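Engineer: Mind looking over this structure? Questions follow.
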Amino acid sequence: MKRLFSLLIFTLLVLLSTAQEDTITINVFDWNKPSPEGWNASYEGTAHFPDSGQWRQILMVKTLKCDERTRADSFPCGEWDYLTKTNVLIPKNDTVEHVNLSAFVTPYGKGLDLGGKNGWQWVVDVTDYAPLLKGEKKIISGNNQELLDLKFYFISGVPPRDAISVKNIYPFGEYTYEHLADDSLMKEKHMVLDFEAEEYVLRSRIAGHGHAGPYNCCEWDEKLHTYRINGAEPLNWTVWKDCGFNPIHPQGGTWQFDRAGWCPGSEVEKQDFDITRWFKPGDTLNIDYEIEMYCGNGEKDGKFTMSHQLFAYGPVNFQRDAGLVDIIRPTSKQIHSRYNPSCSQPIVEIRNTGEMPLRSLNISYGFAGEGIKTYRWHGDLAFMQSEQVYLPAPELVPWPEQTVFFAEVSQPNGAEDQQPLNNRMETAVKRPLVLPSDFVMHVETNNLGRAVENQLLITTADGELVFEHTTYDDSTTYDHVINLKPGCYRLEFTDDMEDGMIRHWWNYYEDKEAVGINGKLELHETDGGLIRELPYDFAEKLMLEFVVK
């Protein structure tokens, strides 16, 4: 575990240090702070943020850890999935206003590892909240299901645009579906837009909860949400999140299934709308939030926790600027563990952080000490739009146990980048699994008609299919003999219903006959020796990249 911890810290520090700027670290909570007492109780503390400065980026880094000292219940990580929030408390007259920085749902903790003694890390960009993150501020975050380490990294420099103000449109909190649909609480608001700003953005962060009505509203039911502003065309969106590829798996609960805006062990999804085109500084914003009307089937008792915020920004600071947002593959970052370790096509996320549309970009990449490859990207990204780019796989090298992968962007639209400090990232990389040229994929299928949901595919690093098996029978054992040439490969074992091969234990009390049996996935030597057990509780798909010598 020491090696894993060093890889995680190395990755974070490299991402911070490659910017070559001064970084101020603010520690709010660490694992020495006692777990709070009381049902779903939050950690409370004081952050001493810088009083002034210009920040290219502000990162909030949260690390959760299972530990016997937690006070939620008898488990090292709390058993159930609960919504938590990270709020900054802003003095307002004789009270305080809660401004939500992020919302997070804890994973099912029964039997959960969560990164072992070094915990699991999430990184949230909170640069837009810079106007509030000044001086001494009260912070509440997390709950007593896990130990919490919370830090803010203030990276000096010029951001794509300066945030001027952040305002709540409606109070952050939990609302009943009936009250939202009947418009008895969130009525139309009238807000004067900041005179010093040039751009304005609405942001919602919504999570559905509860099991009301026949469709278990509002955790398991997708609803349409709407902003109506000054008579303009309505801004509509649905709140739903795919949980089938959750990096925290397996969990001790029904973590596999999609939900209204969240998954167990993930951030709540946010939705942004740029409304600049309809307004000028000093105009009055008339805004009303709406949600589709409930049916008369009891679903009106479902709940939504939500925040609605208005951001005001100054002008774009660069005409021509492209930034590297993330390295998704290869990396040792836990949030991307489903894609890694990897030997195939690298995936990076780029963003246009300049005012001009981004239509071309150089992306250089490679491993430390090896040759550098350059890929010329073409597309069309408006300001602050991003895209995941799949890069040609680098040539196979003798893999050390761990190494470093880097990526760097340059020449946006064929010209000099005006802000080079956001161009480069490096990340620690672990060696993918090494397999012999001949091995056996051992499969034991489920019963109850579920085997037809499964398929096995093996492809090269470039996506060429080299093996497939698409028809499985219930309660049957298969030993697929695989013969491959030296190279990099990807194995995918998929499940159409996104419930993996775990037995349906949640049916136990209602219908024991509907529980069924677990499946099994293993890699064997051709003489029957075990190479590796593979997880059967994988939800949407198991993805494993490996190298054949």
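The values are calculated or read from the model by the stated rules, or taken from the named source; none is laboratory data. No experiment lies behind these values; they were computed from the predicted model shown. Cβ coordinates were reconstructed from backbone atoms using ideal geometry, including for glycine residues, and neighbour counts include every protein chain displayed.
Engineer: Name the strands (runs of 3 or more DSSP E) wholly inside segment 396-502 in which the number of residues that are touching a residue at least 24 places away in the same chain (Cβ under 8 Å) is 3 or more. Before the answer, list the steps.
Structural biologist: Values: elements: 402-410, 424-430, 433-435, 438-444, 454-460, 465-469, 477-483, 487-495.
In segment 396-502, 402-410, 424-430, 433-435, 438-444, 454-460, 477-483, 487-495 are the strands (runs of 3 or more DSSP E) which contain 3 or more residues that are touching a residue at least 24 places away in the same chain (Cβ under 8 Å).
Engineer: Surrounded by fewer than 20 Cβ atoms within 10 Å (Cβ to Cβ), closer than 21 Å to ARG56 by Cβ, in the same structural domain as THR95 (by TED's automatic domain parsing) and in contact with a Pro (Cβ under 8 Å, 6 or more places away or on another chain): is that true of LYS151 in this structure? Outline the logic, then answer.
Structural biologist: Details: surrounded by fewer than 20 Cβ atoms within 10 Å (Cβ to Cβ): yes; closer than 21 Å to ARG56 by Cβ: yes; in the same structural domain as THR95 (by TED's automatic domain parsing): yes; in contact with a Pro (Cβ under 8 Å, 6 or more places away or on another chain): no.
In short, no.
Engineer: Where the second residue is assigned to a helix (DSSP H, G or I) and at pLDDT 95 or above and the first is within 23 Å of CYS218 (Cα to Cα) and lies in segment 180-205, which pairs have Cβ atoms under 6 Å and are six or more apart or on separate chains?
Structural biologist: LEU185/HIS179
Engineer: Are there any pairs with C-beta distances below 8 angstrom linking a residue in segment 265-286 that is in the same structural domain as PHE311 (by TED's automatic domain parsing) and under 24 Å from VAL123 (Cα atoms) to a residue that is assigned to a strand (DSSP E or B) and small (Gly, Ala, Ser), with the two at least 6 apart or on different chains, and if so which?
Structural biologist: So the pair list comes out as GLU267/SER102; GLU267/ALA103; VAL268/SER102; VAL268/ALA103; VAL268/ALA207; LYS270/SER204; GLN271/SER204.
Engineer: Name every residue in segment 208-246 that is assigned to a loop (DSSP other than H, G, I, E, B) and under 18 Å from the mean Cα position of the chain (by Cα), in order of residue number. Give the steps one after another, and end with the answer.
Structural biologist: Start the filter on segment 208-246 by keeping residues that are assigned to a loop (DSSP other than H, G, I, E, B), which leaves 210, 213-216, 219-223, 230-234, 239-240, 242-246.
Listed by number, the residues that qualify are VAL239, TRP240, ASP242, CYS243, GLY244, PHE245, ASN246.
Engineer: Could you please give the count of residues in segment 35-50 that are in a loop (DSSP other than H, G, I, E, B) and over 23 Å from SER156 (Cβ atoms)?
Structural biologist: Quick first cut of segment 35-50, residues in a loop (DSSP other than H, G, I, E, B) only: 35-42, 49-50.
Next, only the ones that are over 23 Å from SER156 (Cβ atoms) stay: 35-42.
Qualifying residue count, segment 35-50: 8.
Engineer: Are any residues in segment 169-180 more than 29 Å from the chain's Cα centre (by Cα) and farther than 13 Å from THR305 by Cα, and if so, which ones?
Structural biologist: The initial filter retains those residues of segment 169-180 that are more than 29 Å from the chain's Cα centre (by Cα), namely 178-179.
Listed by number, the list holds a single entry, GLU178.
Engineer: Here is a follow-up. If you check every pair at least six apart or on different chains, which have Cβ atoms under 6 Å apart with a residue in segment 63-82 that is in the same structural domain as ASP149 (by TED's automatic domain parsing) first and a residue that is part of a strand (DSSP E or B) and of a type outside the set (S, T, N, Q) second?
Structural biologist: Between residues of segment 63-82 that are in the same structural domain as ASP149 (by TED's automatic domain parsing) and residues that are part of a strand (DSSP E or B) and of a type outside the set (S, T, N, Q), the close pairs are THR63/ASP149; LEU64/TRP120; LYS65/LEU147; ASP67/LEU147; ASP81/VAL105.
Engineer: Which condition does ASN422 not pass, out of (1) crowded, with 19+ Cβ neighbours inside 10 Å; (2) touching a Gly at 6+ places or on another chain (Cβ under 6 Å); (3) polar (S, T, N, Q); (4) not assigned by TED's automatic domain parsing to the domain that holds ILE363, if it passes all the others?
Structural biologist: Unmet condition: (4).
Engineer: Right, another one. Would you mind stating whether LEU202 is in a helix (DSSP H, G or I), buried (at least 20 other Cβ atoms within 10 Å of the Cβ) and of a type outside the set (Ser, Thr, Tyr)? First the steps, then the outcome.
Structural biologist: Numbers: in a helix (DSSP H, G or I): no; buried (at least 20 other Cβ atoms within 10 Å of the Cβ): yes; of a type outside the set (Ser, Thr, Tyr): yes.
Against the criterion (in a helix (DSSP H, G or I), buried (at least 20 other Cβ atoms within 10 Å of the Cβ) and of a type outside the set (Ser, Thr, Tyr)), LEU202 does not qualify.
Engineer: Across segment 292-311, which residue is farthest from TRP220 (Cα to Cα) among those that are among the small types (Gly, Ala, Ser) and surrounded by fewer than 21 Cβ atoms within 10 Å (Cβ to Cβ)?
Structural biologist: Initial filter on segment 292-311 (among the small types (Gly, Ala, Ser)): 296, 298, 302, 307.
From what's left, surrounded by fewer than 21 Cβ atoms within 10 Å (Cβ to Cβ): 296, 298.
Working: GLY296: 17, GLY298: 14 Å.
Once the filter is applied, the top-ranked residue is GLY296.
Engineer: Residues ASP162, ASP125: which one is crowded, with 16+ Cβ neighbours inside 10 Å and of a type in the set (Asp, Glu)? Walk me through it before giving the result.
Structural biologist: Working: ASP125 fails: crowded, with 16+ Cβ neighbours inside 10 Å.
On inspection, the qualifying residue turns out to be ASP162.
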